[in-house]
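Single-structure report; data block below.
The values are calculated or read from the model by the stated rules, or taken from the named source; none is laboratory data. Source: prediction; values computed, not measured. Because the Cβ atoms are built from the backbone with ideal geometry, glycine has one as well, and the counts that use them run over all protein chains shown. Surface accessibility is based on the protein's heavy atoms, side chains included, excluding ligands, DNA and RNA. Shrake-Rupley method; radii C 1.70, N 1.55, O 1.52, S 1.80 Å.
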Amino acid sequence: MTQNKEIFLGPSYYRDLLPEGSNLLQDHGYSLVENNTDDAISPEELRKMGHDLHGAIVGMETWDAAGMDAHPNLKILSKCGVGVDKIDLKAARERGILVTNTPGLNSNAVAEVAVGLMINIFRQLSLSQEAAKSGDRTIFNGPELTGKTVGLVGMGSVGAHLVRRLKGFDVQVKVYDPYLALSGQSDSAFELCDLATVLSSADVVSLHAPLTDETHHMINADSLALFKRGSYLVNTARGGLVDESALYAALTNGQLAGAALDVFEVEPLDPNNPLLALSNVVSTTHLGANSFEALTGVGLANAHAVIDTFSGLEPANMVSSMH
């Protein structure tokens, strides 16, 4: 049994949300340092933390070189989820710190939320709920998802799950993914297109791309001008994919009929974000991955990555850019 190794649990209330994983770590003798706050721990707090961390389950906090140097015994950063954009991979590699993530384990959960958000924003379910609670008998109308064209930007595991979930709605699916195009893969369930074609032909565009230097603000004033007028945007990927000022303009000038956003560029979400004041915006709290089933799988994957690392084994799901 491993003793005297401290593992930081970055996601808020991780032990409550992912008890199977945290219990497994404790059963193997690890000491857990918890983030029992509603917010991500800041880089300064990470540097000044009065613990000798050997590993971390990474939530939404940023791990930069200074944070890593503050914990010289740090050996593994295991992302709770897929996106590792807040981990300095170069700094980790230089320090011999392993980085893992949990691809695929929450893909179905996110895909289901993406479908739910499409229906919500089409049929104005959130507005109708607010009206019902206040005694307002307003009837809300909107288009059906059935028979529409759905554009996917990014076709990883979430996109693949989403295509299967959309099949029952008899939609036409158009996909932009440069990596898929380079691989030469094709699928009868969707049409692989360039980005302009996807944006200009879709009734609703759903984002599933990773956040990188290349994809940051890929949905901006120029790309929003390509959207079919009166179409919709759904984002369950990363808030930084979207220039929120440009999105606000598109939502207020009629270029877009609505947007459903599970992610925002700044999180925790600022209640003064102007997008929240728009009646044609549905906003949720980055909950896409948080199904019971996904959380169990992710928690166990995080725990096994830590346990394997300190057992001298190579953990699963090493981030490719580490090599």
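Starting from residues that are open to solvent by less than 40 Å² (accessible area, probe 1.4 Å) and of a type in the set (Ser, Thr, Tyr), keep the ones in region 181-220 and report whichever is nearest to Val110 (Cα to Cα).
My answer is Ser206.
Which residues, counting only those in region 38-82, are of a type in the set (A, V, I, L, M, F, W, C), within 20 Å of Thr309 (Cα to Cα) and without any contact (Cβ under 8 Å) to a residue 24 or more places away in the chain?
The answer is Leu74, Leu77.
Might you let me know whether region 121-129 holds any residue that is within 20 Å of Ser201 (Cα to Cα) and aromatic (Phe, Trp, Tyr)?
yes
In region 101-136, what residues are closer than 17 Å to Ala257 by Cα and either touching a Pro at 6+ places or on another chain (Cβ under 6 Å) or loosely packed, with under 14 Cβ neighbours inside 10 Å (or both)?
Across region 101-136, the qualifying residue is only Phe122.
Could you list, in sequence order, all residues of region 238-277 that are under 16 Å from the mean Cα position of the chain (by Cα) and assigned to a helix (DSSP H, G or I)?
Selection gives Gly239, Gly240, Leu241.
How many residues are acidic (Asp, Glu) and in contact with a Leu (Cβ under 8 Å, 6 or more places away or on another chain) when one looks only at region 213-235?
Count: 0.
Among the residues of region 267-286, how many are modelled with pLDDT under 95 and in contact with a helix residue (DSSP H, G or I) (Cβ under 7 Å, 6 or more places away or on another chain)?
1
Please give the number of the condition Arg165 fails out of (1) among the charged types (D, E, K, R); (2) touching a helix residue (DSSP H, G or I) at 6+ places or on another chain (Cβ under 6 Å); (3) open to solvent by less than 30 Å² (accessible area, probe 1.4 Å).
(3)
With a cut-off of at least 1 residues that are open to solvent by less than 10 Å² (accessible area, probe 1.4 Å), name the strands (runs of 3 or more DSSP E) lying wholly within region 1-82.
Output list reads 6-9, 53-58, 76-79.
Restricting the search to region 221-237, which residues are more than 17 Å from Asp194 (Cβ to Cβ), part of a loop (DSSP other than H, G, I, E, B) and open to solvent by 40 Å² or more (accessible area, probe 1.4 Å)?
Once the filter is applied, which keeps residues that are more than 17 Å from Asp194 (Cβ to Cβ), part of a loop (DSSP other than H, G, I, E, B) and open to solvent by 40 Å² or more (accessible area, probe 1.4 Å), region 221-237 yields only Arg229.
Could you figure out which of (1) β-branched (Val, Ile, Thr); (2) at pLDDT 95 or above; (3) open to solvent by 40 Å² or more (accessible area, probe 1.4 Å) isn't true of Ile139?
Failing condition for Ile139: (2).
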